[in-house]
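Values in this text are rule-based calculations from the coordinates and carry no lab data. Here the structure is a predicted model, which means the values were calculated and not measured. Cβ sites come from the backbone with ideal geometry, for glycine too, and all protein chains shown count toward neighbours.
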Amino acid sequence: MLVIRKKSIILIPLLGVIFFISFYSQIENFFVFHPQTDFDMTPDQMGLQYESINFKAEDGTKLHGWFFPLPGKSPVIFFCHGNAGNISHRLHNIRELLKKGFQVFIFDYRGYGKSKGRPSREGVYLDGLAAYDYLRNRLGIPPDRIILFGRSLGAAVATEIAVQRQADRMILESAFTSTKAMARTMPLFALLSPLLPAHYNNLEKIKDIAIPKLIIHGNRDEIIPFSMGERLFEASAEPKAFYAIEGAGHNDTWVIGGRKYFETLKQFIHS
């Protein structure tokens, strides 16, 4: 009986680890994606001029976004948002960007807002590429006027686009290095993190991106460690810049940063 119990003590945790690794993609999706389908508000309610855009990903998934045009040929912020809510939760931020003279194109990943389907790692990459292609081919915006902007999860989408498409420059805000590295910061996954794949590997991809890069991170980010922003900056090739926002957490960078935040963006984009 003692031998059987010893085997059970070893076998049960081992089976648990095998189960975890086998279903890691589904587990990862559960923790990564927090979509909301209903809009909290629309651009009309804020008095913003916009176009409602419908397009499809390469796999046929129907997607939705908003384009906020301005007169002239000002740069376009290609806005890849974070993992929660939908595009309606970024409207106040978008209004401030418009005030600074930037056009904005923002879209929802599959499963978010009016976009169909269910989110996945491969899916959000396809969605980002499809949105970029719509901006280039249907709206006629050339690469030298496209500013890739990714916040949190959106930084992974923007980085993937920068690897596969052309743009003038890229801004990553509150970005993580990889989900494997994020797992090391979470007690639930820390012990198993050495066995996990390095999905959303921004740290590896950014080494090969030649366009100018601005890395932004709040020094009180409670979700993604500030050190990850520093590591992404260190791994980036020149030209690059780093903007640490004193007192900012994960979701309030542009609020805490205030005027300096938008002036930093403006200076980087027009430099």
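Taking every alpha-carbon pair under 8 Å whose residues sit at least 6 apart, the chain reaches a relative contact order of 14 percent. For the chain, DSSP calls about 30 percent of its internal beta bridges antiparallel. Here the stretch 22-92 carries DSSP beta bridges of which approximately 75% are antiparallel, counting only pairs with both residues inside.
In terms of packing, defined here as the mean over residues of other Cβ atoms within 10 angstrom, the peptides 242-253, 157-168, 173-184 line up highest first as 173-184, 157-168, 242-253.
If you take the square roots of the eigenvalues of the alpha-carbon gyration tensor of the stretch 154-265 and sort them as a ≥ b ≥ c, do you get rounded (a/c under 1.5), prolate (a/b over b/c) or oblate?
oblate
Under 15 Å of direct C-alpha separation, and excluding same-chain neighbours fewer than eight residues apart, K73 reaches these aspartates and glutamates: D144, D168. In the calculated pair-distance distribution of the chain, the portion above 22 angstrom amounts to 57 percent of the Cα-Cα pairs. Any idea how many Lys pairs in the stretch 114-271 come in under 15 angstrom at the alpha carbon, given 8 or more places apart or on separate chains? Going through the stretch 114-271 pair by pair, I get 7.
At 10 °C and a viscosity of 1.306 mPa s, what translational diffusion coefficient does Stokes-Einstein give for the stretch 117-213, taking Rh as the Kirkwood radius over Cα pairs? Give it in µm²/s as a whole number. Rounded to a whole number, D works out at 111 µm²/s. Dividing the summed -39500 (n - 2.57) terms of all DSSP H runs of n ≥ 4 by the residue count of the chain sets its mean residue ellipticity at 222 nm at -12000 deg cm²/dmol. The angle between the Cα long axis of helix 153-164 and the main principal axis of the chain comes to about 70°, on a 0 to 90 degree scale. Contact order for the stretch 30-119, expressed relative to its length and based on alpha carbon pairs under 8 Å spaced 6+ residues apart, stands at 38 percent.
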